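Since the structure comes first, as structure tokens, the remarks are kept for the end.
The values are calculated or read from the model by the stated rules, or taken from the named source; none is laboratory data. Every value quoted in this text rests on a predicted model; they were computed, and no experiment measured them. Neighbour counts are summed over all protein chains in view; Cβ atoms, including those assigned to glycine, are modelled from backbone coordinates with ideal geometry. Surface areas here come from the heavy atoms of the whole protein model, side chains and all, with no ligands, DNA or RNA. Shrake-Rupley method; radii C 1.70, N 1.55, O 1.52, S 1.80 Å.
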Amino acid sequence: MTVDVLGRPLRNLRISVTDRCNMRCRYCMPEAEYVWLPRESILTFEEIDRLAGIFVGLGVRKIRLTGGEPLLRHALPTLVRLLRRHEAVRDLALTTNGILLARSAQALREAGLRRVTVSIDTLQPERMVAFARSARHAEVLAGIHAATAAGFDSVKLNTVVIRGYNDDEVLDLLTFARDRGLEVRFIEYMDVGGATDWDQRKVVSQQEILASIAAEHGPVTELHQSGWAPAERFRLADGSTFGVIASTTAPFCRTCDRARLTADGTFLLCLYGERGLDLRELLRTGASDEEIAGRIRDTWSSRTDRGAEVRAALPDRGILHQIDSLRADPRREMHTRGG
Ligand code: SF4
């Protein structure tokens, strides 16, 4: 097992397969223009698979495919089939905005994908137009339906809660998930790279979310679980469960076993991390698997990152990167880091 300076294992790899997206959620891509990663720099499926094999050799047991929007990547089931061959991988999951899910859910399931998480921030189509510049709400609902019908081990929903936008829909989204036997995780608004609209006053804290749910549904029971998953989970009196990811007000960096790989092969140690290791360069200049494994091991072993904790301690917390800084290096953007 490969562990960092704080004893956190390299166990969970989030692979961004594209920096492109077909939505413009205000908490991730609020700007009109973006600098995209050059197409020739995007890793091929074979390169992703080779790197995944190296990471698995170093102890990775969970892989999550992300983006941008991963379903924009053509023939994604082919990559799933490749990754499925790594027998030590216990969990192969995907996070999507759901727009393209209805047409690919079955193929992804047959290719070996185990779990799907769909991001849905509102049940009101007109709000999605205003907030994410997308009129494809019906397709998201169709995607959720198709995923639940496809027979994945689990289908979960993610909702980023923002004051003044969708904080009045927490109960509706909880009911929506519960009525479909799904688990929703409410995510605090994070000041990550790209969130140029972020403001502490727009953050709806875990405490506020729990209070609004308890006011409606009565006492909420916390479910104590192994400490590595980002979401804290809770149960209602009727047995249904939900989660809260409190990265902004109660960060969990001490138990963060997550590494990230951008679509152009940059290995990142933290969502807030400034720089990463260029694995594409190593791949395309003839480095052996052993050499690449050695570089990854050395990089992770010297990891001390606690980005969210450091941000939470700042007296005057503002946005992480100004637009010019994001344009100077698009890898600073959340949509290139895979959230
Ligand atoms: S901020 Fe960085 S160290 Fe903290 S939980 Fe997120 S990725 Fe992990």
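Numbers at a glance
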| quantity | calculated |
| --- | --- |
| Per principal axis, descending, Cα span of segment 146-272 in whole Å | 44, 39, 29 |
| Computed log₁₀ I(q)/I(0) - Debye formula, equal Cα scatterers, no solvent, segment 174-229, q 0.20, 0.25, 0.27 Å⁻¹ | -0.99, -1.14, -1.16 |
| For segment 182-339, alpha-carbon Rg relative to the globular expectation (2.2 N^0.38 Å, N residues) | 1.22 |
| Segment 183-227-segment 242-263 distance, computed between alpha-carbon centres (Å) | 13 Å |
| Inter-centroid distance (Cα atoms) of segment 25-41 relative to segment 264-334, Å | 17 Å |
| Peptides 41-48, 94-101 ordered by average Cβ neighbours within 10 Å, highest first | 94-101, 41-48 |
| In Hz, Karplus ³J(HN,Hα) per residue of segment 100-114 (6.51, -1.76, 1.60; θ = phi - 60°; x = Gly, Pro) | 9, 6, 4, 7, 10, 4, 5, 5, 5, 5, 5, 6, x, 5, 9 |
| The chain - accessible surface per residue (Å², probe 1.4 Å) | 41 Å² |
| Per-selection Kirkwood Rh - segment 40-179 (Cα, Å, 1 d.p.) | 16.1 Å |
| Whole-Hz couplings from phi, Karplus 6.51/-1.76/1.60, listed for segment 208-221; x for Gly and Pro | 5, 4, 5, 5, 5, 6, 5, 4, 8, 10, x, x, 10, 9 |
| Dimensionless Rg/Rh of the chain - Kirkwood Rh, Rg from C-alpha atoms | 0.94 |
| Convex hull (Cα only) mean projected area of segment 52-122, reported in nm² to one decimal | 4.9 nm² |
| Viscosity 0.692 mPa s, 37 °C: Kirkwood-radius Stokes-Einstein D of segment 148-199 over Cα pairs, µm²/s | 261 µm²/s |
| Solvent-accessible area, 1.4 Å probe, carbon plus sulfur percent, for the chain | 50 percent |
| Cβ-Cβ FRET estimate between Ala287 and Asp172, R0 fixed at 41 Å, reported to 0.05 | 0.20 |
| Beta bridges by DSSP in the chain, antiparallel share as percent, to the nearest 5 | 30 percent |
| Sites matching trypsin sites (Lys or Arg not before Pro) across segment 58-95 that sit in DSSP coil, with at most 13 neighbouring C-beta atoms within 10 Å | Arg85, Arg90 |
| Ala229/Glu33 FRET efficiency (R0 41 Å; Cβ-Cβ; nearest 0.05) | 0.70 |
| Shape call, segment 289-339: gyration tensor on alpha carbons, a/c limit 1.5 | oblate |
